[in-house]
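For reference, the structure discussed in these notes is given below.
None of the figures in this text is laboratory data; all of them are computed from the coordinates on show. Because the structure is predicted, anything quoted here is derived from the model rather than measured. Cβ atoms come from the backbone with ideal geometry, glycine included; neighbour counts cover every protein chain shown.
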Amino acid sequence: ATLSILCALAVLTRPDGAILAALLLGCGVAIIISHHRLRIMHALTAAIGPFVVVVGAWHLWKLYYYGDLLPNTFYAK
């Protein structure tokens, strides 16, 4: 869960942190499955659940506050 929250903070800081987060969370899920012999759904929930909650809440806030997920500069180009 700590890795998931740190990856979420990386994505909130810089959007290109999603690449690093995907790599780290993928490795984290693989390690959880191999060492703890949990089911895949339990491993995904434990490793990716906090990330989805934090980043999802941020996107919902952006959608509510700004009315769109992308910044205005995206449409100006």
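Taking 0.36 nm per residue of separation and subtracting the Cα-Cα distance, full extension of the segment from Ala76 to Val53 would add 5.2 nm. Please give the helix 17-36 orientation as an angle from the longest Cα principal axis of the chain, in degrees from 0 to 90, rounded to the nearest 10. The angle comes out at about 20 degrees. Angle, helix 2-13 long axis vs. longest principal axis of the chain, Cα atoms, 0 to 90°, nearest 10? Helix 2-13 sits at roughly 20 degrees to that axis.
A full extension of the chain between Leu44 and Ile5 corresponds to an added length of 12.7 nm, given 0.36 nm per residue minus the alpha carbon distance. Its relative contact order, with pairs defined as Cα atoms under 8 Å and 6+ residues apart, puts the chain at 34 percent. Can you list the residues of the stretch 1-38 with backbone N under 20 Å from a point 7 Å past the Cα of Lys62, pointing along Cα to Cβ? Only 4-25 fall inside the zone, counting backbone N under 20 Å.
What's the angle, to the nearest 10 degrees (0 to 90), between helix 40-66's Cα axis and the longest principal axis of the chain? Relative to the chain, helix 40-66 is tipped by roughly 10 degrees. Calculated on the alpha-carbon coordinates, the convex hull of the chain measures out at 90 cubic angstrom per residue.
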